[in-house]
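The values are calculated or read from the model by the stated rules, or taken from the named source; none is laboratory data. The structure presented is a predicted model; accordingly, all values stated were derived computationally and were not measured. Cβ placement follows ideal geometry from the backbone for every residue including glycine, while neighbour counts extend to all protein chains displayed.
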Amino acid sequence: MKSWHACVVAAVLLWASAFAGESIIAPGAELKKIVDDCKFTEGPAADAEGNVYFTDQPNDRILKWNCADGKITTYMQPCGRSNGLCFDAKGNLWACADEKNELWVIDAEKKVTVVVKDYQGKLLNAPNDIWLRPDGGLYFTDPFYKRDYWKRGPSEQDKQAVYYLAPDHKTLTRVVDDAKEPNGIIGTPDGKRLYVADLGKHKTYSYDIQPDGSLTNKKLFCELGSDGMTLDSEGNVYLTGKGVTVYDKTGKLLEKIDIKEPWTGNVCFGGKDQQTLFITASKCVYTLAMRVKGAGSQ
């Protein structure tokens, strides 16, 4: 029979373990498949109301999930073979338009403006993922994945890099030039830290963001690359590829969300309360109710 002291110690340890291990997933939540008829889903992004937009790149369309009724409609087709998406403070939709390797901004009337089409006079590889910082400056990754629909030759750039577009949307600067295959990218709501995933090196790095857009203090965040990425209200970082892998802000593994699809391309928070995780995975989109909210949500 255990001593009274041993029982108390065991109870305290059990309580501490349960408290420390509080899941980021809502109690009892299960994955729900809301889309299964696409060819390859990517680029989920939520607008100010919580509606979620995502791309079906092979079918050259952007789709919209309506948070009011859960209906899914085609928002734009064709859409320049858009990949990564994000919204700015004015409600404009930014798109990594892969067909001609451009960066677009799409206004509320669906008018398209080509903002970036080259770097130093040479065609970009293929803008892939994008993040806007609070002041309107933005970062995007530019790996080279050859597409069967391209009407172009080999890469004109000497690097697969990360670029910064200043708030004037005219000044483009290469800010990461030592990546092998930069892909997923996300920044903190205060605009002070940037995470960049290098799929080619199977690693994700963090950087300090300087006022002029330059990046300093590069640090290895975790030994895992990622396709798309997001953050939650507790600063946890969500990586994708083989399911969704979540790390806390120190790089400690928190959660592994298994998705039974060949590839999980991207992830974002959406819904009216920004407390639903949207997961684009191969031909499908899944949702998962979360305990936490998306980064920046009140």
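Regarding Ser297, is this residue crowded, with 20+ Cβ neighbours inside 10 Å, polar (S, T, N, Q) and in contact (Cβ under 8 Å) with a residue 40 or more places away in the chain?
No; evaluated as a whole, the condition is false for this residue.
Looking at (1) more than 20 Å from the chain's Cα centre (by Cα); (2) of a type in the set (Asp, Glu); (3) not in a loop (DSSP other than H, G, I, E, B), which one does Glu156 not meet, given that it meets all the others?
Going through the list (1) more than 20 Å from the chain's Cα centre (by Cα); (2) of a type in the set (Asp, Glu); (3) not in a loop (DSSP other than H, G, I, E, B), Glu156 breaks only (3).
I need a count of the residues in the range 66-100 that are outside any loop (DSSP other than H, G, I, E, B) and either of a type in the set (Ser, Thr, Tyr) or under 18 Å from the mean Cα position of the chain (by Cα) (or both).
Counting residues in the range 66-100 that are outside any loop (DSSP other than H, G, I, E, B) and either of a type in the set (Ser, Thr, Tyr) or under 18 Å from the mean Cα position of the chain (by Cα) (or both) gives 14.
Taking only pairs six or more apart or across chains, which ones have beta-carbon atoms under 6 Å, a first residue in the range 89-109 that is within 15 Å of Pro78 (Cα to Cα) and in contact (Cβ under 8 Å) with a residue 12 or more places away in the chain, and a second residue that is surrounded by fewer than 23 Cβ atoms within 10 Å (Cβ to Cβ) and among the hydroxyl-bearing types (Ser, Thr, Tyr)?
Correct list of pairs: Val105/Thr113.
Determine, yes or no, whether Leu231 is of a type outside the set (Phe, Trp, Tyr), under 29 Å from Asn59 (Cα atoms) and not in a loop (DSSP other than H, G, I, E, B).
Taking the combined requirement at face value, the residue satisfies it.
The rows are residues; the columns are (1) in contact (Cβ under 8 Å) with a residue 24 or more places away in the chain; (2) among the aromatic types (Phe, Trp, Tyr); (3) part of a strand (DSSP E or B).
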{"position": "Tyr163", "(1), (2), (3)": "yes, yes, yes"}
{"position": "Arg174", "(1), (2), (3)": "yes, no, yes"}
{"position": "Asn217", "(1), (2), (3)": "no, no, yes"}
{"position": "Gly225", "(1), (2), (3)": "yes, no, no"}
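Restricting to the range 256-272, give me the number of residues that are touching an Asp or Glu at 6+ places or on another chain (Cβ under 6 Å) and polar (S, T, N, Q).
1
If a residue has to be in a strand (DSSP E or B) and out of contact with any Lys or Arg (no Cβ under 6 Å at 6 or more places or on another chain) to count, how many in the range 28-54 make the cut?
Matching residues across the range 28-54 total 12.
Pull up the range 181-212, narrow it to residues that are assigned to a loop (DSSP other than H, G, I, E, B) and in contact with a Pro (Cβ under 9 Å, 6 or more places away or on another chain), then point me to the one that is surrounded by the most Cβ atoms within 10 Å (Cβ to Cβ).
Selected residue: Leu199.
Given the criteria modelled with pLDDT of 95 or more, in contact with a strand residue (DSSP E or B) (Cβ under 6 Å, 6 or more places away or on another chain) and within 16 Å of Ser206 (Cα to Cα), does Thr141 qualify?
It is true that Thr141 is modelled with pLDDT of 95 or more, in contact with a strand residue (DSSP E or B) (Cβ under 6 Å, 6 or more places away or on another chain) and within 16 Å of Ser206 (Cα to Cα).
Taking the condition within 18 Å of the chain's Cα centre (by Cα), over 21 Å from Thr230 (Cβ atoms) and aliphatic (A, V, I, L, M), does Ala166 pass?
no
Which members of the range 138-149 meet the condition of being more than 13 Å from Glu99 (Cα to Cα) and either of a type in the set (D, E, K, R) or surrounded by fewer than 21 Cβ atoms within 10 Å (Cβ to Cβ) (or both)?
Hit for the range 138-149 is Asp142, nothing else.
Can you run down the residue pairs with Cβ atoms below 6 Å, 6 or more apart or on separate chains, where the first is in the range 251-271 and over 17 Å from Trp65 (Cβ atoms) and the partner is among the acidic types (Asp, Glu) and modelled with pLDDT of 95 or more?
Partner pairs satisfying both residue conditions: Leu254/Asp248.
Right, Leu63: among the hydrophobic types (A, V, I, L, M, F, W, C), more than 22 Å from Arg174 (Cβ to Cβ), in a strand (DSSP E or B) and touching a strand residue (DSSP E or B) at 6+ places or on another chain (Cβ under 7 Å) or not?
Yes: the conditions hold for Leu63.
In this structure, does Arg152 turn out to be surrounded by 14 or more Cβ atoms within 10 Å (Cβ to Cβ) and either in contact (Cβ under 8 Å) with a residue 60 or more places away in the chain or more than 18 Å from Leu199 (Cα to Cα) (or both)?
no
Please tell me if Asp273 is surrounded by fewer than 21 Cβ atoms within 10 Å (Cβ to Cβ), out of contact with any Cys (no Cβ under 7 Å at 6 or more places or on another chain) and farther than 25 Å from Tyr205 by Cα.
For Asp273, the condition - surrounded by fewer than 21 Cβ atoms within 10 Å (Cβ to Cβ), out of contact with any Cys (no Cβ under 7 Å at 6 or more places or on another chain) and farther than 25 Å from Tyr205 by Cα - is met.
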